[in-house]
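Everything below concerns the one structure shown next.
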Amino acid sequence: MPFKDLREFIAKLEEEGEAIKIEEEVDWNLEAAAILRRSAEEGLPAPIFQKIKGYPQGYRLFGNSANSFRRMAISMDLKPDTHPRELIEEYIRRRHRPIKPVLVSTGPCKENIHIGDDVNLLEFPVPMQHEGDGGRYIGTWHVTIVKDLDSDWVNWGMYRHMLQSKNAVGILQASLAKHLSIIRDRSYLPKNKAMEVAIAIGVEPISAMCAASPLPAGVSEVDTVGGIRGEPVELVKCETVDLAVPATAEIVIEGEMRPDETMDEGPFGEFTGYMGGGREPRPLIRVKAVTHRNDPILACSCSGIPVDDNAVFSMTKAAEILELMREEGKPVTGVFVPLVTTHMLAIVAVNKAHYPGVAEDIAHLIWASGNIGHETPYIVIVDDDVDPFNLNEVSHTLITKCHPTRGIVKLEHSPVISIVPWLNREERKTRLGAKAYFDCTWPLDWDPADVPKRISFRQSYPAEVQQKALDIWRKHGYGEKA
Ligand SMILES: Cc1cc2nc3c(=O)[nH]c(=O)nc-3n(C[C@H](O)[C@H](O)[C@H](O)COP(=O)(O)O)c2cc1C
Ligand SMILES: [Mn+2]
């Protein structure tokens, strides 16, 4: 059964040893985040802070709910040890069976309603996450909802929100290919209209996962969430804006982005493992209403060096790339976005029946796909006798099959998101950086006799010799690993 809210999901994580209550009082100012960061870096359970200094008992903080394949599998109601390859395939299967949401008259997110002067975002234990952050971030694991004025497209995304005051938050649009940017640029700014925004924090796990997922433009995230859960999302209407939000959200912020209003935002310790975005004037969201559950749980993500909750891209981005390859008829048998690469690299395995130059086509297909392309500057293409999920095999093949000049193809003046760490000042401003792909396939135009033969247990011994070796090892207590 899918989780109906964040609370049910947390209970399941606790049952699986993947989340833990922290009863000790902690400070919102760096302390909670330090505990979250330690948990992320050491693979410890996701902390649920029960008492935050200066805040009423019951106002909780929770983070790191998606920073492993186990937690993603639990989110999808699958066995915790489901292999990422299977997670990706299951995500694709369910994504193709979208289920529309249902509108309900009310829900727990309406237990407390604050409108206008009654709004105070400091009511919540908003964490200061890293030394040097531009402020306290209230939106780091949530859904940011906007709608297109000229079609029925409603977009769910995840965009960081810094507290600007008790009734205003900032936003980072890391690229103009992001759907919120596209909608604002084409549907609101030309009309000089304020864009209504709803931010739902503390949602059941698939809503957050799909808000961050690189689904194509125009594809409804909320319908996709329904499909992946196998049950429709229940939505309730907002109080002051013409949008609907998940009824079981812990906290809902309603507001508007006026056309010309900006305020300094950032920097923030980012998923790349570095400070990102600098401090710059960025759009402001003026808050008109806040609604929340009793004893709300503020969900967050504590970004930094891997593995943080951006781990979701290892499933969702890999799934979208695999889909794209299948749609285009490319001979691709597997795609992996390793957790450690902060989703800036994708490994694509091609089968032997590929054609000369296939690596070039694959790289450019990925790079031309907007959002995904801008955030995936590195692509490694391997023959599929290499398991793309096995980083030892991939590293070996990269060093032994990729020619240092012919095999690495570079592209300059190419769109990337502004928080890629290696961009210089100018590139950060223009969001034009560089990309490279690594062709680790044997060239098809080589004489087969020139292709070096790989030496391994599976490739260098007749079947009956392998069997005997396995039998002898088994007799000594060393059976085959799964
Ligand atoms: C924890 C987390 C924080 C994110 N923060 C931002 C952000 O501040 N700005 C941004 O442009 N994208 C951010 N993203 C990535 C977007 O959520 C992602 O690109 C998503 O596809 C955007 O929605 P869209 O595809 O509907 O445009 C974040 C993702 C995660 C997992
Ligand atoms: Mn979208």
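Here is how the numbers come out for the structure above:
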{"quantity": "Check on Ser369, part of a loop (DSSP other than H, G, I, E, B), buried (at least 20 other Cβ atoms within 10 Å of the Cβ) and at pLDDT below 95", "calculated": "no"}
{"quantity": "Near pairs, Cβ below 7 angstrom, 6+ apart or cross-chain, from region 420-441 (part of a helix (DSSP H, G or I)) to any residue that is not polar (S, T, N, Q)", "calculated": "Glu427/Gly433"}
{"quantity": "Test for Ala249: is it away from ligand 2 (no atom under 16 Å from the Cβ), of a type in the set (Gly, Ala, Ser) and buried (at least 22 other Cβ atoms within 10 Å of the Cβ)", "calculated": "yes"}
{"quantity": "All positions within region 51-67 that are closer than 21 Å to Glu15 by Cβ and open to solvent by less than 30 Å² (accessible area, probe 1.4 Å)", "calculated": "Leu61, Phe62, Gly63, Asn64, Ser65, Ala66, Asn67"}
{"quantity": "Candidate set: region 384-436, residues that are of a type in the set (Ser, Thr, Tyr) and at pLDDT below 95; chosen: the one surrounded by the most Cβ atoms within 10 Å (Cβ to Cβ)", "calculated": "Ser418"}
{"quantity": "Any hit, region 269-280, residues being open to solvent by less than 40 Å² (accessible area, probe 1.4 Å), of a type outside the set (Gly, Ala, Ser) and touching a Lys or Arg at 6+ places or on another chain (Cβ under 9 Å)", "calculated": "yes"}
{"quantity": "Residue in region 442-455 that is open to solvent by less than 50 Å² (accessible area, probe 1.4 Å), more than 36 Å from the chain's Cα centre (by Cα) and free of Cβ contacts under 8 Å to residues at least 60 places away in the same chain present", "calculated": "yes"}
{"quantity": "Selection from region 151-198 of residues that are more than 15 Å from ligand 2 (Cβ to nearest atom), farther than 25 Å from Arg279 by Cβ and basic (Lys, Arg)", "calculated": "Lys191, Lys193"}
{"quantity": "Pair list, Cβ under 6 Å, 6 or more apart: region 120-137 residue more than 15 Å from Ile48 (Cα to Cα), other residue part of a helix (DSSP H, G or I) and open to solvent by less than 10 Å² (accessible area, probe 1.4 Å)", "calculated": "Gln129/Ala33"}
{"quantity": "Test: residue in region 114-125 that is open to solvent by 10 Å² or more (accessible area, probe 1.4 Å), under 25 Å from His179 (Cα atoms), at pLDDT 95 or above and assigned to a loop (DSSP other than H, G, I, E, B)", "calculated": "no"}
{"quantity": "Residue in region 61-77 that is at pLDDT below 95 and not aromatic (Phe, Trp, Tyr) present", "calculated": "no"}
{"quantity": "Val287 assigned to a loop (DSSP other than H, G, I, E, B), open to solvent by 10 Å² or more (accessible area, probe 1.4 Å), closer than 30 Å to Thr248 by Cα and not aromatic (Phe, Trp, Tyr)", "calculated": "no"}
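Okay, residues lined up against (1) under 30 Å from Phe268 (Cβ atoms); (2) under 12 Å from the mean Cα position of the chain (by Cα); (3) open to solvent by 20 Å² or more (accessible area, probe 1.4 Å):
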site: Arg293; (1), (2), (3): yes, no, yes
site: Cys300; (1), (2), (3): yes, no, no
site: Val340; (1), (2), (3): yes, no, yes
site: His343; (1), (2), (3): yes, yes, no
site: Ala349; (1), (2), (3): no, no, no
site: Ala359; (1), (2), (3): no, no, no
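The values are calculated or read from the model by the stated rules, or taken from the named source; none is laboratory data. Owing to the predicted nature of the structure, the values given are computational and were not obtained by experimental measurement. Note that each Cβ is placed from the backbone with ideal geometry, even for glycine, and that neighbours are counted across all protein chains shown. Areas reflect the complete protein model, heavy atoms only, side chains present, ligands, DNA and RNA absent. Shrake-Rupley method; radii C 1.70, N 1.55, O 1.52, S 1.80 Å.
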